[in-house]
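The values are calculated or read from the model by the stated rules, or taken from the named source; none is laboratory data. Bear in mind that the values here come from a model prediction, so they are computed numbers and not experimental data. Glycine gets a Cβ as well: all are built from the backbone with ideal geometry, and neighbour counts include every protein chain shown. These accessible areas exclude ligands, DNA and RNA; they are computed on the full protein's heavy atoms, side chains included. Shrake-Rupley method; radii C 1.70, N 1.55, O 1.52, S 1.80 Å.
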Amino acid sequence: NPGHDTNVNLPPEFTDDFKLVIMSLQETFDSLELILGNEQTFQQVVDTVFANLDCNRDGALDMKELHQFIVAASGEMGIKDPPTHEQVHHVFKHLDLNNDESVSRDELAVFLKHLFTEQLKHTTEKLKAASKK
């Protein structure tokens, strides 16, 4: 279109915010790549997460520990309605791969590997979409 200006003048604060989002996505991508690309680093992350969840230090996660963590994490993320006992139980059943009513460190590792892999895919897609803008 002749006379149609294709350059959009965005306010500086918008472009600054956009740059911060891109930087944050890139940091997330780099962190996930580091964790998933190095087995020793991944195992250290699993150890740290497990130690933070295993409140009674018995070497296994029970429903109560998972529930406390999910409710606390939901609150930190600004979710007003914490998950119900039934919702937490559903998550617990997916984590408890051998159905022994507890979640071992190894079962948590399987979940975290899946979670981090999915996060990496999602972050990659967001970075690709943002680079097209």
>> Please give the Cα centre distance for region 60-79 versus region 101-133, rounded to the nearest Å.
In response: 19 Å
>> Amide H of LEU61 versus every other amide H placed in the peptide plane: which residues, excluding those fewer than 5 positions away on the same chain, fall under 5 Å?
In response: VAL103, SER104
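Hey, what number do you get for the chain at 222 nm if only DSSP H runs of n ≥ 4 count, each worth -39500 (n - 2.57), divided across all residues, to the nearest 500? Intermediate values should be presented prior to the final figure.
Details: 5 runs with 93 residues, N = 133.
Taking each H run of at least 4 residues, the total per residue is -24000 deg cm²/dmol.
Multiply the residue separation of ASP17 and HIS85 by 0.36 nm, subtract the distance between their alpha-carbon atoms, and state the gained length in nm to one decimal. Please list the in-between numbers first.
On the way: separation 68, 0.36 × 68 = 24.48 nm, distance 3.81 nm.
Result: 20.7 nm gained on full extension.
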>> Shape verdict for region 75-133, please, from the Cα gyration tensor: rounded (a/c under 1.5), prolate (a/b greater than b/c) or oblate.
In response: oblate
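Treat every Asp and Glu Cβ in region 38-133 as -1 and every Lys and Arg Cβ as +1, leave all other atoms uncharged, and give the resulting dipole magnitude about the Cα centre to the nearest 20 debye.
Details: 11 positive and 16 negative charges, 171 e Å.
That gives region 38-133 a dipole magnitude of about 820 debye.
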>> Cut-off 10 angstrom, C-alpha nodes, Gaussian network model of the chain. Which of LYS19, LYS80, LYS121 fluctuates the most?
In response: LYS80
> Averaged per residue, what accessible area in Å² does region 16-132 show with a 1.4 Å probe, protein chains only?
Replying inline: 67 Å²
>> I'd like to know which of ALA51, GLN87, HIS122 lies farthest towards the positive end of the charge dipole of region 16-132, counting +1 on Cβ of Lys and Arg and -1 on Cβ of Asp and Glu.
In response: HIS122
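Probe radius 1.4 Å, ligands and nucleic acids ignored: give me the carbon and sulfur share of the accessible area of the chain as a rounded percent.
That share works out to 57 percent.
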>> If you build the convex hull over the alpha carbons only and average its shadow over all orientations, what do you get for the chain? Give it in nm² to one decimal.
In response: 11.8 nm²
